[in-house]
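The values are calculated or read from the model by the stated rules, or taken from the named source; none is laboratory data. These numbers come from a predicted model, not from an experiment. Heads up, the Cβs are rebuilt from the backbone with ideal geometry, glycines too, and the neighbour counts pull from every protein chain shown.
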Amino acid sequence: YHHFCDFFNLYASQHLNSSHPDTFSTDVHILIWESYKYHSNFGETWEAFTRHPLWDLNTFKGKTVCFKNVVFPLLPRMIFGLYYNTPIVWGCEKSGLFRSFSQHILHRLKIPQHKLKDTRIRVTLLSRDTSYRNILNEGKLIAALKNNSVYNVQRVVYNKYLTFKKQLEIT
């Protein structure tokens, strides 16, 4: 989920700015500092932060803009910030911030949490629907797992046809 650098750092920024009474309000506007329309398979995640359409630089093209109240978040790929391939620092583990971020996203996106009725270990194999990076013996792997009654196995293809919210619900 290297795209989640943006969301996680925005969430951390909200905590750093938590002195404002509307810190976690979704009645805010988010400006993507790019001149092209934002598109991502994780785009639904913005709903956890704003109820408004995303802005980009073209929203204000040719205009002078003044903001009454603005927050610039932690950058998603800043030095020593959180980004994919961030080196793991010894002793830095079990962060409450990651857990609270996860719960925040699930809550704000209204992802239902289903009670598990099956006591078996649930295994969800994330199958790729691409030409590359596939598990060559996926069928045999699934068959072997299903052959063991300890596991409740499901194969799920996560692609552009399965919304991110649905992916969260399945997982």
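Points worth noting:
- Helices (runs of 4 or more DSSP H) wholly inside the range 73-171 containing at least 1 residues that are surrounded by fewer than 14 Cβ atoms within 10 Å (Cβ to Cβ), of a type in the set (Asp, Glu) and modelled with pLDDT of 80 or more: 138-146
Here is a yes/no grid of residues against (1) touching a residue at least 12 places away in the same chain (Cβ under 8 Å); (2) part of a loop (DSSP other than H, G, I, E, B); (3) farther than 15 Å from Leu109 by Cα:
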{"site": "Ser19", "(1), (2), (3)": "no, yes, yes"}
{"site": "Tyr36", "(1), (2), (3)": "yes, yes, yes"}
{"site": "His39", "(1), (2), (3)": "no, yes, yes"}
{"site": "Trp46", "(1), (2), (3)": "yes, no, no"}
{"site": "Gly62", "(1), (2), (3)": "no, yes, yes"}
